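Okay, so here's the structure we're looking at.
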Amino acid sequence: MNLDFTFESGQIFQWRKADGWWLGIVGTHATMLRTEDGSLLVRSNPEASEERIKEFMCLNVRYDDLAGGRSVDEFTSSLLQDYRGLRILKQDPWSCLMSYIVSASLSIRAIDRVLGSIASSCRELNVDGLSLRELPGPSDFLNVRRPRKRYLGRKWSYLRQAARDIDDGTLDFDEIRSLPYDVAWSSLVIAKESHVMGVGPKVADCLLLFSLDKPEAFPMDRWIMRGLQRHYGWLVPERIATKLRNEGEALTVREYEAVSQNVRSHFGKLGGLVQECLFLHMRTARPGRPSA
DNA sequence: GCCCAGGTGCGGC
DNA sequence: GCCGCACATGGG
């Protein structure tokens, strides 16, 4: 387990490192995590059960099992080797949805800042003398005052609408969780009656991967599209690759679906993990080198 | 100044 | 269906 890779991969926001500990909120527990001699150390307040932490860290998921015993391809093997210990965390669905609705077209730093400003009027939790703020739950969110001048535009109303839908049961995460990947994805993105404003192809994949138990979900943003073209060219149909080279980086929903199909049939349930490793790789490794 | 940042909704063909 | 644009702001 490598907590630096895990928390620096960009999968989760509002965590920070202090004195060698990773600090953030798990459920309602202010939590500190670090590894030592191969074991995971936890401090939390109020004290979290071992089960709760295991659930958050997905310690029941074995990546060897997701691979199904087959090796994927050479580049992927070395990628997974380079970022060995990176784990996909299981986030609270509402916090995750909020984070990724906010995330559209912002830098990671800006996303963290916006979420921080939303949390700034919420409950303060403490552990070991350090303090951090909870994000509001769906019903509390409706009472939070809108932060002044903090990047949000129309996104603020998307968040409010999603919060209302959760409150009145129109949006039911457990129901989506129970669906197979492609049905769940379509219900979020395509279906008129269940579409959530602010959730497009990429945000839907984030929610499915990080909160709704779909390890094959493979969110594709600009970094990932560059990574796919550079290292997995055969998964990107020629017409789409040409388009990406010539005009901007935006894909239509249909094009996103086409690439996503190829990616999922290649990586299977290892997809989500590969995606996080590739994301970290593209953002940190020097260009032109196959590995970090 | 200008471009880019974990995209998405909308109105125009 | 696809295209072009607006959306808000800060850092390089």
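Quick notes on this structure:
- Applying the criterion of at least 2 residues that are of a type in the set (S, T, N, Q) to the helices (runs of 4 or more DSSP H) found wholly in segment A:103-220 leaves A:155-167, A:181-189.
- Hits in segment A:2-11 (condition: under 11 Å from A:ARG87 (Cβ atoms) and under 15 Å from the mean Cα position of the chain (by Cα)): A:PHE5, A:THR6, A:PHE7, A:SER9, A:GLN11
- Flag if A:SER103 is of a type in the set (Ser, Thr, Tyr), more than 27 Å from A:ARG43 (Cα to Cα) and within 16 Å of DNA strand C (Cβ to nearest atom): yes
- For segment A:140-160, the tally of residues that are surrounded by 13 or more Cβ atoms within 10 Å (Cβ to Cβ) and more than 20 Å from A:SER105 (Cβ to Cβ) stands at 4.
- Within segment A:38-72, the set of residues being over 30 Å from A:ASN126 (Cα atoms), assigned to a loop (DSSP other than H, G, I, E, B) and touching a residue at least 24 places away in the same chain (Cβ under 8 Å) comprises A:GLY68, A:VAL72.
- Consider segment A:247-279 and keep the residues that are more than 10 Å from DNA strand B (Cβ to nearest atom), touching a residue at least 12 places away in the same chain (Cβ under 8 Å) and charged (D, E, K, R). The one that is farthest from A:ALA104 (Cα to Cα) is A:LYS269.
- Filtered residue count, segment A:60-110, keeping only those that are exposed (fewer than 15 other Cβ atoms within 10 Å of the Cβ) and not polar (S, T, N, Q): 13
Laboratory data are not the source of any read-out in this text; all were calculated from the coordinates shown. Being a predicted model, the structure only gives us computed values, none of them experimental. Counting neighbours? That spans all protein chains shown, and the Cβs are built from the backbone with ideal geometry, glycine included.
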